[in-house]
Amino acid sequence: MLFSKEQFRCLSALAKARLEVDCSCHDWDHTQRVLNTALELGRQEGADLSVVTAAAILHDIARPQEMSDQGKSDHAILGAIQAVEILRQEGLGDDAWRAHVGDCIRTHRYRNRTGEAPATVEARVLYDADKLDSLGAIGLARAFHFAGKTGARVHNTREEALAGKSYGREDSALREYLVKLQYLPEAMLTAAGKDAAIQRHQFMAEFFQELDRECF
């Protein structure tokens, strides 16, 4: 299916309103970056861009709930359910198309609690686009933003970071890099996404090396 300009605006406005509540670095700006990247990857991979567009716009709509309960809920699972209902209410697509969008959202998370891998090209495109926004300069900015919002330290040793817990004082940007971000390039699912991830990861690795030199 093709989106009309009005449908695109309505869906974007709905997602933006949800994400402006309080989503830290998973805000509407993040969604826009993921959408742009997903469309670029989707064109290269021959994906259905209508599915990619809807999934990218709605992929984080349940983030506010996950943030409010400090990770007890799963925004990917909740978001998939909510997205299908939103698309139904907006009269977008048929049941199969809406389910496809929901599948993309449910499996887009790196720390996937369902054990279900992205099974379609559209799901793989969304997954990679979301991960790329966690790498490079923007990835560093988001990691420090999140750490500051939760009251974590600006910098700590690798030992302190690895011994820390989520949402704790040692949950620094370095901890996010050590437990997740450094592994993203090997987890990418598209060729173009992997190439971009390798370049962005190198920038991050060099940054943390320099931070260590300045702090210790």
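No value in this document is a laboratory result; all are computed from the given coordinates. As the structure is a computational prediction, the values presented were derived from the model and not from experiment. Glycine gets a Cβ as well: all are built from the backbone with ideal geometry, and neighbour counts include every protein chain shown.
Across all directions, the shadow cast by the convex hull of the range 134-216 built on its C-alpha atoms averages 5.1 square nanometres. Scanning residues 5 or more positions from Asp48 or on other chains, those with amide H under 5 Å from its amide H are Glu122, with H placed 1.01 Å from N in the peptide plane. Here the scattering of the chain is modelled by Debye summation over its C-alpha atoms, one equal scatterer each and no solvent; at q = 0.15 Å⁻¹ the log10 of I(q)/I(0) is -0.94. Applying the criteria of a DSSP loop state and at most 16 other Cβ atoms within 10 Å to the chymotrypsin sites (Phe, Trp or Tyr not before Pro) of the range 155-215 yields Tyr167. Cross-link reach is defined here as a Cα-Cα straight distance under 18 Å, omitting same-chain residues fewer than 8 places apart; for Lys16 the lysines meeting it are Lys5.
Taken over the range 76-156, the convex hull of the Cα atoms encloses 127 Å³ per residue. Here Asp48, Asp133 are placed in order of increasing Cβ neighbour count within 10 Å, fewest first, which gives Asp48, Asp133.
Its DSSP H runs of at least 4 residues, each contributing -39,500 (n - 2.57), put the calculated 222 nm mean residue ellipticity of the chain at -20500 deg cm²/dmol, to the nearest 500. Backbone geometry of the range 5-21 corresponds, through the Karplus equation with coefficients 6.51, -1.76 and 1.60 at θ = phi - 60°, to 3J(HN,Hα) couplings of 4, 5, 5, 4, 5, 5, 5, 5, 5, 5, 5, 4, 4, 5, 7, 7, 4 Hz, x marking Gly and Pro. Across the range 157-165, coupling constants 3J(HN,Hα) worked out from phi with the 6.51/-1.76/1.60 Karplus curve, θ = phi - 60°, read 6, 5, 5, 5, 5, 5, 7, x, 10 Hz, and Gly and Pro carry x. The ellipsoid equivalent to the alpha-carbon distribution of the range 1-122 has semi-axes of 20, 17, 14 angstrom, derived from the gyration tensor eigenvalues as √(5λ) and listed largest first. With respect to the chain, whose longest principal axis is taken over its alpha-carbon atoms, helix 95-106 is tilted by about 0°. To the nearest 0.05, how large is the calculated FRET efficiency for Glu90 and Ala187 if R₀ is 45 Å and r is the Cβ-Cβ distance? So the FRET efficiency works out to roughly 0.90.
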